[in-house]
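Engineer: One structure follows; several queries about it will come next.
The values are calculated or read from the model by the stated rules, or taken from the named source; none is laboratory data. If you're wondering where the values come from, they're calculated on a predicted model, not measured in any experiment. When we count neighbours, we look across all protein chains shown, and the Cβ atoms used for this are built from the backbone with ideal geometry, even at glycine.
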Amino acid sequence: MTVADRRAVPKSPPRNAARWQGWFRTVALLAFVFLFLTPLLFAVMVAFKTPEEQAANPIGLPGALRLDNFALVIGQLNYWRLVLNTASVTLLSSVLTLLVASLAAFPLARVQARWTEWVYNLFILGLTLPFFVLLIPLYILSRDLGLLNTLWGAALVYSGIMMPFAVFFLTGFVRSLPIELEEASAIDGCTPLGTFRYVILPLLRPANGTLAMFVALTVWNDLILSLLFFTRPESGTLTPALYGFLGQWTTDYTLLLAAALLASAPLLVFFFALQRQIIEGVAAGAVKG
Amino acid sequence: MKMRWPIALSFMLPALALYGLFVLLPAARGLYYSLTDFSGAGAARFVGLANYSRILADPNALVSIRNTLLYAGVVTVLQTVLGLLLALWMGNAASVRNFSRVALFAPSMLSGVVISFIWTYVYSPLGGLLNTALEALGLGNLKAVWLGDPATALLSVAAVQVWTFTGQTAAIYLANYLNISQEVRESATLDGAGFWQRFAYVEWPLLAPATTVSVTLTLIGALRVFDLPFLLTRGGPGNASEVLGISIFRAAFSEQRFGYGAALAAVLTVFVVFVSVGLTRILRSREAAL
């Protein structure tokens, strides 16, 4: 990465011109990024305004740094309860997905037989199925099993849906690990479960970190499944409650945007703390090819 | 490695159970429902391919299929071009590269509901950011009811999708761009290639892996889109921005036509599988040609 940081400068133009060009590029890029983020910046600003201020001057600054909109939303939405629910579902889904998929990835990567290949392909099949195919029967199934409106039920369903990607991702990772360590631990008398626990799982940590971020993002931001799953939005996760808020306050952007900001705040904190890993996780596929 | 098959299978069992119960079983039942007149409750009567032939005779479904393909095409082209340009730009502005990458990526972290709150405000005909800004810039004649006019609704929603995910495309291209070795770049420059020549003949072919990943992700994501059109326009006005995701949802959950909804879902699956297999094959062969 550091090598590419230095761009080769053609010899013909004088160095000064090249430097100015570089400055211009940098400033222009910054200007573009700010323009790009304008909707976001204005949304934050509107969340601090009163409806009267907003009506009088839609692009003006708020008169004071008022938190009334946020206080109102927190009260209306039962905010802390929803955050706790969403965090529980997200955490449960992530842990379950990681654990179950790691267990499966180990033999799928290491046992070479026709039937393991078959099972692997069965998982891969799930990667191509659009979620909509499952939607209707999944709703009926969850209703019949009594999973609707339960946090653990939602976590089970999310884990099932994440399984094809998780298995695909982790199996590929286990295959890239050197097999000698496992052989050594087997010679030392480790059971397969012991080898998994003491050799594979620690080596899988970076892959599981990336996977956990994907699962967490998917679950936290999911709309369609949570909309069907939590028929009583007040006892569910953030998105369906936020969605219900839209109908109630359609025209008052000061409240809507305060709600939007509150709903994304926990995730944005998560993103800025782990931005490097998240972005590299998304970009990784392109570099490995 | 030596692992006897009962042990190997028992390791896979929890994953297979979750996957089988919540993905494979519903998928199989969905396929079956598409051959019935199931309404969501009560008995399902087998009707053969009637639901599928009904799709071909349903003008609304055909509009929805057309809209889905148009939406996916527009989003993929715009997002790829914009993401690529931004990656080149960031690749040549080292001092603000990290900041730009994070800032551009941030919208893709937000949920569709939050994005839709922001953009209903931007597009609003009553004091919305876009119209107000156009007015302030003296471009008042460009003002529009962005989401309420059949002529602009679908493209306005597509623009929001591009805005949300361009940062991801740019990050994918940037990672690949920074991986191109400096020697390759320098030798092209020594041979007298200008910036655009170097891009067209040297860098663009070497960016093939990033193109494969980002185009595939973008296109499949756009074909199965639901959140943004549903939240921003409900598919309206009329059916001007109705995509297959919305048609499926509506058939199943508002009109109680589960069978018909399941048939539409099967059609969408065929599109997605067809596109992803075909596209991956084409794009991978470009990589192999390197």
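Engineer: When the residues of the range B:98-123 are narrowed to those that are over 14 Å from B:TRP163 (Cα atoms) and touching a Phe, Trp or Tyr at 6+ places or on another chain (Cβ under 7 Å), which ends up surrounded by the most Cβ atoms within 10 Å (Cβ to Cβ)?
Structural biologist: Looking at the filtered set, the residue picked out is B:VAL113.
Engineer: Has the range A:132-142 got at least one residue that is more than 8 Å from chain B (Cβ to nearest Cβ) and at pLDDT 90 or above?
Structural biologist: yes
Engineer: For the range A:45-78, which residues satisfy the criterion of being part of a helix (DSSP H, G or I) and out of contact with any helix residue (DSSP H, G or I) (no Cβ under 6 Å at 6 or more places or on another chain)?
Structural biologist: The initial filter retains those residues of the range A:45-78 that are part of a helix (DSSP H, G or I), namely A:45-46, A:51-56, A:68-77.
Selection gives A:MET45, A:GLU52, A:GLU53, A:ALA55, A:ALA56, A:ASP68, A:ALA71, A:LEU72, A:ILE74, A:GLY75, A:GLN76.
Engineer: (1) in contact with a Phe, Trp or Tyr (Cβ under 9 Å, 6 or more places away or on another chain); (2) basic (Lys, Arg); (3) under 29 Å from A:ALA18 (Cβ atoms): which one isn't true of B:ARG198, the others all being true?
Structural biologist: (1)
Engineer: Need pairs with beta-carbon distance below 7 Å; first residue at positive phi and within the range A:126-153, second assigned to a loop (DSSP other than H, G, I, E, B); sequence gap 6+ or separate chains.
Structural biologist: A:ASN149/A:PHE230; A:ASN149/A:THR231; A:ASN149/A:ARG232; A:ASN149/A:GLY236
Engineer: Show the residue pairs meeting these rules: Cβ distance below 7 Å; 6+ apart or different chains; first residue within the range A:85-106 and surrounded by 23 or more Cβ atoms within 10 Å (Cβ to Cβ); second residue outside any helix (DSSP H, G or I) and not basic (Lys, Arg).
Structural biologist: Filtered contacts from the range A:85-106: A:THR86/A:THR237; A:VAL89/A:THR237; A:SER102/A:LEU204.
Engineer: Something else now. For B:VAL225, all conditions in the list (1) outside any helix (DSSP H, G or I); (2) at pLDDT below 85; (3) under 22 Å from B:GLY83 (Cα atoms) hold save one; what is the number of the exception?
Structural biologist: (2)
Engineer: Quickly run through the range B:244-258 and pick out the residues that are surrounded by 21 or more Cβ atoms within 10 Å (Cβ to Cβ), touching a Gly at 6+ places or on another chain (Cβ under 7 Å) and touching a residue at least 60 places away in the same chain (Cβ under 8 Å).
Structural biologist: B:ILE246, B:ALA252, B:PHE258, listed by residue number.
Engineer: Looking at A:ALA207 and the list (1) farther than 30 Å from B:PHE249 by Cβ; (2) facing chain B (nearest Cβ under 10 Å); (3) crowded, with 20+ Cβ neighbours inside 10 Å, which single condition is not satisfied?
Structural biologist: (2)
Engineer: Continuing with this model, one more query. Are any residues in the range B:16-63 of a type in the set (D, E, K, R) and farther than 30 Å from A:VAL167 by Cα, and if so, which ones?
Structural biologist: In the first step, residues of the range B:16-63 are kept if they are of a type in the set (D, E, K, R); the result is B:29, B:37, B:45, B:54, B:58.
Passing the criteria: B:ASP37, B:ARG45, B:ARG54, B:ASP58.
Engineer: Which one is farthest from B:LEU9 (Cα to Cα), of the residues in the range A:181-213 that are outside any helix (DSSP H, G or I) and not β-branched (Val, Ile, Thr)?
Structural biologist: Of all residues in the range A:181-213, those outside any helix (DSSP H, G or I) come to A:188-191, A:204.
Remaining after also requiring not β-branched (Val, Ile, Thr): A:188-190, A:204.
Working: A:ASP188: 23, A:GLY189: 21, A:CYS190: 18, A:LEU204: 20 Å.
Within the range A:181-213, the match that is farthest from B:LEU9 (Cα to Cα) is A:ASP188.
Engineer: Test A:PRO202 against the stated conditions and say whether it is surrounded by fewer than 20 Cβ atoms within 10 Å (Cβ to Cβ) and more than 10 Å from every other protein chain (Cβ to nearest Cβ).
Structural biologist: yes
Engineer: Can you run down the residue pairs with Cβ atoms below 6 Å, 6 or more apart or on separate chains, where the first is in the range B:28-43 and free of Cβ contacts under 8 Å to residues at least 40 places away in the same chain and the partner is in a helix (DSSP H, G or I) and not basic (Lys, Arg)?
Structural biologist: Going by the 6 Å Cβ cut-off, the qualifying pairs are B:ARG29/A:PRO137.
Engineer: Among the residues of the range B:157-188, which ones are assigned to a helix (DSSP H, G or I), more than 26 Å from B:VAL114 (Cβ to Cβ) and either touching a residue at least 40 places away in the same chain (Cβ under 8 Å) or not small (Gly, Ala, Ser) (or both)? Spell out how you get there, then give the answer.
Structural biologist: The initial filter retains those residues of the range B:157-188 that are assigned to a helix (DSSP H, G or I), namely B:157-179, B:182-188.
Remaining after also requiring more than 26 Å from B:VAL114 (Cβ to Cβ): B:175-179, B:182-188.
If the condition is that a residue be assigned to a helix (DSSP H, G or I), more than 26 Å from B:VAL114 (Cβ to Cβ) and either touching a residue at least 40 places away in the same chain (Cβ under 8 Å) or not small (Gly, Ala, Ser) (or both), then B:ASN176, B:TYR177, B:LEU178, B:ASN179, B:GLN182, B:GLU183, B:VAL184, B:ARG185, B:GLU186 are the ones that fit.
Engineer: Just need a number here: residues in the range A:254-280 that are surrounded by 21 or more Cβ atoms within 10 Å (Cβ to Cβ) and more than 9 Å from chain B (Cβ to nearest Cβ). Break it down stepwise before answering.
Structural biologist: Residues of the range A:254-280 surrounded by 21 or more Cβ atoms within 10 Å (Cβ to Cβ): A:254-264, A:278-279.
Among the residues that remain, those that are also more than 9 Å from chain B (Cβ to nearest Cβ) are: A:254-255, A:258, A:262.
Adding up the residues that qualify gives 4.
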